[in-house]
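Here is the structure we will look at.
The values are calculated or read from the model by the stated rules, or taken from the named source; none is laboratory data. This structure is a prediction, so every number in the text was calculated from the model and none was measured. No Cβ is skipped: glycine too gets one built from the backbone with ideal geometry, and neighbour counts run over all protein chains shown. Note: areas computed on protein heavy atoms with side chains; ligands, DNA, RNA excluded. Shrake-Rupley method; radii C 1.70, N 1.55, O 1.52, S 1.80 Å.
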Amino acid sequence: MTYPLIRCFADDAVVRHVGEGFLACTLAKVEWTHEAHLATCLWLVVERPEIVAERDLPALIRRYNESLGGVNDDTQGYHETITQVAVGSVRDHLGETGEVTLVGQVNAMLQSERGRRDWPLRFYSPDRLFSKAARRSWISPDIASIAAWSRHIDGAL
């Protein structure tokens with residue numbers, strides 16, 4: 001299987017630009033890539049501890065989507081389960097990486113298994129992950145356990 005090339009970030013300033021643009025709803029839609037999603041989540045966890053990613057990202061992502069004219073419904077926009085898998089993956093990554101710079105942490109994650117677009121499908125069947133129920137709220141995986149951090153998610157929501 002061939003995967004799209006990972007677009008790494010040049011430096012800390014570019015990561016912050018994406019995160020700050022997301023929060024301010026000024027980030028251009030074209031910049032809101034898979035890599036930007038993960039970089040923003042990691043930036044929030046590392047540099048914005050007053051924002052609890054598990055709890056606050058749902059509203060922040062919905063607001064950002066709507067600022068671009070997007071819709072958050074049963075088929076598009078915000079997806080709760082994928083978001084929570086990403087947050088847990090970022091936290092796991094940060095606990096294991098030896099990188100110290102923001103850009104180093106982000107790029108290491110993007111180049112890891114956790115950074116792959118299909119990472120959640122290691123835990124979920126496509127039918128379960130892309131269901132309306134999974135989009136609306138956190139659902140447990142049906143293929144492999146991710147219990148180590150799903151307990152943290154359950155406590156934060």
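Residue count for segment 74-102 under the criterion of being of a type outside the set (A, V, I, L, M) and under 21 Å from Val30 (Cα atoms): the result is 6.
For segment 1-59, the set of residues classified as aromatic (Phe, Trp, Tyr) and out of contact with any Ser or Thr (no Cβ under 7 Å at 6 or more places or on another chain) consists of Tyr3, Phe9, Trp32, Trp43, listed by residue number. Would you say Ser145 is over 30 Å from Asp12 (Cβ atoms), polar (S, T, N, Q), at pLDDT 95 or above and open to solvent by 20 Å² or more (accessible area, probe 1.4 Å)? Considered against the rule, which asks whether it is over 30 Å from Asp12 (Cβ atoms), polar (S, T, N, Q), at pLDDT 95 or above and open to solvent by 20 Å² or more (accessible area, probe 1.4 Å), Ser145 comes out as no. Can you pull out every residue in segment 18-49 that is in contact with an Asp or Glu (Cβ under 9 Å, 6 or more places away or on another chain) and more than 21 Å from Arg114 (Cβ to Cβ)? Result: Gly21, Cys25, Thr26, Leu27. Number of residues in segment 117-141 that are open to solvent by 20 Å² or more (accessible area, probe 1.4 Å) and within 16 Å of Cys41 (Cβ to Cβ): the value is 3.
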